[in-house]
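What follows is a short report on a single structure.
Values quoted throughout were computed directly from the atomic coordinates according to the rules given, and no laboratory measurement underlies them. It should be emphasised that the depicted structure is a prediction, and the values quoted were computed from it without experimental measurement. Virtual Cβ from ideal backbone geometry, glycine too; neighbours counted across all protein chains shown.
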Amino acid sequence: MSAFADFAVILLSAVLVNNYVLTKFLGICPFLGVSGKTETAIGMSFAVMFVMTLASTASWLVQKYILLPLDLLYLQTIFFILIIATLVQFIEMMIHKVSPVLYQGLGIYLPLITTNCAVLGVALLNVQQENTFMTSALYGFGAALGFALVLVLFSGLRERMEGAPVPEAFKGSAVTLITAGMMSLAFLGFSGLVKV
Amino acid sequence: MMVQLFYALLALGLFALFAGVVLAISSKVFHIEGDPLSDKIDALLPQTQCGQCGYPGCRPYADAVAAHTADVNHCVPGGERTMLAIADVMGVEPKALDEEEAMPMVAFIREDECIGCTLCIKACPVDAIVGAPKQYHTVISDHCTGCVLCLEPCPVDCIDMIAKPELLEHWSWPLPDTQRAQVGLERRESHHHD
């Protein structure tokens, strides 16, 4: 298989087949928290994409050039968290400067990317699978793309549901969680698409 | 073994230092100029975050005043002095306070009726209420700003607002008439320079 086809398979599997939110159930907090409006969902998607891609490449570099040579694998988690926290702080400052409206819209969920388990999950899975540098970057980007896709689709669904006559007992989080479950079922349909 | 530990500490320390330097530089690059006017007003407010002005805290009220969407006279704990200071900063005419509060008030807990539920302790923005679960609570009058936030959560309505007792140790000279004092100060200073 050519290199390009390889990359396409990695991307496809990260976005659709092994979607972090709907099949691995990582990063549920922002998925439910920021999906109220499509606009903030798109902003959050870009923020997560930036953090996830950079975090997976940075953690790969740290793993290869600091942790493995010095035999410090037991410090893996704390190093990776440090990387993610720094990146999140950085992007928070950047968004505050570039788009104050988006900054207000994302609110508390922006600093909470730090504790988005999907970001740490991607970084840890990358090292576990012993991916190469390019594969790690692509895997991180693909996972973020999958997160973005699901988040934006879900926020679209939720915006439509605003006007729907939902039974009293199901209003609010109940119907949101049911919708998320149905979406997860739908994404299971992709499971045979790529052999991973 | 010691060398291993040394490497671990060094690696983590250096990496954290690097991250800190990156963040310090980017905080300079992406520095936000806050609204200087609302910063000034915020500095004048008492920071009790009591919400009696109708805004969810002192900062939002300062923003609203700076944006000319709120009047200068809504800060209850700050009283007349704060209102005058804000009006001065904004360059508008001073307005009478929302509620004419002739006397500073403090909360008082009728201890024999208190059931020790701690709800008022949680409501107090300045930690002026002491007590433990199922023990009587009481108000430290010195710290109480009279913001009345503790009245509403009390399930047995055992909190009263009473006039702040004027004690000898709290008495101070009445504040001077600010405008006259200002004129006097300017005169004295110009005299001094001569």
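Close amide H pairs (under 5 Å, H built 1.01 Å from N) link B:Met105 with B:Lys164, residues at least 5 positions away or on another chain.
Counting only alpha carbon atoms, the long axis of helix A:117-128 and the longest principal axis of chain A meet at about 30°. Normalising the Debye intensity of the range B:1-115 to I(0), with uniform scatterers on Cα atoms only, and taking log10 at q = 0.16 Å⁻¹ returns -0.79.
The HN-Hα couplings worked out from phi for the range A:175-190 by the Karplus form 6.51 cos²θ - 1.76 cosθ + 1.60 (θ = phi - 60°) are 5, 4, 5, 4, 4, 4, x, 5, 4, 4, 4, 4, 6, 4, x, 7 Hz, whole numbers, x standing for Gly and Pro. Sorted into 10 angstrom bins from 0, the C-alpha pair distances of the range A:84-162 split as 16, 37, 35, 11, 1 percent.
Computed from Cα atoms, the angle from the helix A:76-98 axis to the main principal axis of chain A rounds to 60 degrees. Amide H contacts of B:Ile129: B:Ile140, each under 5 Å away and 5 or more positions distant or on a separate chain (H built 1.01 Å from N in the peptide plane; Pro and chain starts excluded).
Sequence-ordered 3J(HN,Hα) estimates for the range B:147-162 from the Karplus curve with 6.51, -1.76 and 1.60 and θ = phi - 60° stand at 7, 6, 5, 7, 5, 5, x, 5, x, 10, 6, 9, 10, 10, 9, 10 Hz, glycine and proline given as x.
Dipole orientation for the protein assembly as shown: of the candidates A:Thr132, A:Ala164, A:Ile95, A:Thr132 has the Cα lying most toward the positive pole (charges on Cβ; Lys, Arg +1; Asp, Glu -1).
Across all Cα pairs in the range B:1-40, the calculated P(r) in 5 Å bins from zero up to the longest distance comes to 6, 19, 12, 13, 11, 10, 9, 7, 5, 4, 3, 1 percent per bin. In the protein assembly as shown, taking the dipole from charged Cβ atoms about the Cα centre, the farthest positive-side position among A:Leu106, A:Leu16, B:Val3 is held by A:Leu16.
Across the range B:1-108, the mean sequence separation of Cα contacts (distance under 8 Å, 6 or more residues apart), normalised by length, yields a relative contact order of 18 percent.
Our Cα-only numbers for the range B:63-129 put the radius of gyration and Dmax at 16.5, 50 Å.
Whole-Hz Karplus values for the range B:49-61 come out as 6, 7, x, 6, 7, x, 10, x, x, 6, 4, x, 5 Hz, taken residue by residue from phi with 6.51 cos²θ - 1.76 cosθ + 1.60 and θ = phi - 60°; glycine and proline positions read x. Of all lysines in the structure, the ones whose alpha carbon falls short of 27 Å from that of A:Lys171, not counting any fewer than 8 places away in one chain, are A:Lys24, A:Lys37. With the biggest extent put first, the Cα atoms of the protein assembly as shown measure 88, 68, 48 Å across the principal axes.
Taking amide H as placed 1.01 Å from N in the peptide plane, the amide H of A:Leu26 sits under 5 Å from that of A:Val21, each at least 5 places away or on another chain. The Kirkwood radius of the range A:50-182, taken over pairs of alpha-carbon atoms, gives through the Stokes-Einstein law at 25 °C and 0.890 mPa s a diffusion coefficient of 146 µm² s⁻¹. For the range A:68-115 versus the range B:15-45, the spacing of their alpha-carbon centroids is 17 Å.
Using the Cβ atoms and a cut-off under 15 Å, what net charge is assigned to the surroundings of A:Gln76, where Lys and Arg are +1 and Asp and Glu are -1?
Working: positive: A:Lys64; negative: A:Asp71, A:Glu130.
My count for the surroundings of A:Gln76 gives -1.
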